[in-house]
Amino acid sequence: LSEEQLEQLAGERRYDGIEILPLDYREAQELLPSMTSEEVTTIEIFDDKDGRQEVLSSIQINGYPFYLIIEEDLDQYLASARRIGGLMVLFVLLATGLSLMFVAFIIGRVFAPLKELSKSSERIAKGDLSQDVAIKRNDEFGDLAKAFQHMINGLRGVRKEIDEQVEKQTKEIQ
């Protein structure tokens, strides 16, 4: 900048008729995208004045020979990242929990009718045709249960016919 421009900046806090105002960190974060098109340079420094770690971010403002420099305490700077990290962990745990509940629900919906049909088939294999299949659903498992019940009813009919035939032949032999 020329000597005249530096004097104008120091005395009037103006440049080319534009008033220059101090910004706090949050205001600068909100205004930065509209003022610049370049990448922000961020560095970590040790402040000799108070002995604390600080972060400096700088970026050139479009069309002007100025840099916006933001200085923030490192602990404050990292607090936001820690908060976001904590929220992300919470979100992942919540999503995992909901996923596990959903999977358990689906497994229950799928395996409960299969288990019932398996028990029924074991009873039928042992010759017990006395119990009906108690699955009442309007899906593929319901269709399978109806077909299974139809098979049980058919076997009952065949068994009844066999018993009647045996009884008839036994009477004829006597």
_Positions within the range 119-147 being within 37 Å of the chain's Cα centre (by Cα) and not in a loop (DSSP other than H, G, I, E, B), in sequence order_ = GLU140, PHE141, GLY142, ASP143, LEU144, ALA145
*Scan GLN76, GLN60 and give me the residue that is surrounded by 11 or more Cβ atoms within 10 Å (Cβ to Cβ) and at pLDDT below 80.*
GLN60
*Quick check: is even one residue across the range 101-115 without any contact (Cβ under 8 Å) to a residue 24 or more places away in the chain, assigned to a strand (DSSP E or B) and surrounded by 11 or more Cβ atoms within 10 Å (Cβ to Cβ)?*
no
*With (1) open to solvent by 60 Å² or more (accessible area, probe 1.4 Å); (2) modelled with pLDDT of 70 or more; (3) not in a helix (DSSP H, G or I) as the list, and LEU68 as the residue in question, which single condition is left unmet?*
(1)
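The values are calculated or read from the model by the stated rules, or taken from the named source; none is laboratory data. Quick caveat, the model's predicted, so the values are computed rather than measured. Quick reminder, even Gly has a Cβ in these numbers, built from the backbone with ideal geometry, and neighbours come from all protein chains shown. We work out accessible area using only protein heavy atoms, side chains counted, and drop any ligands, DNA or RNA first. Shrake-Rupley method; radii C 1.70, N 1.55, O 1.52, S 1.80 Å.
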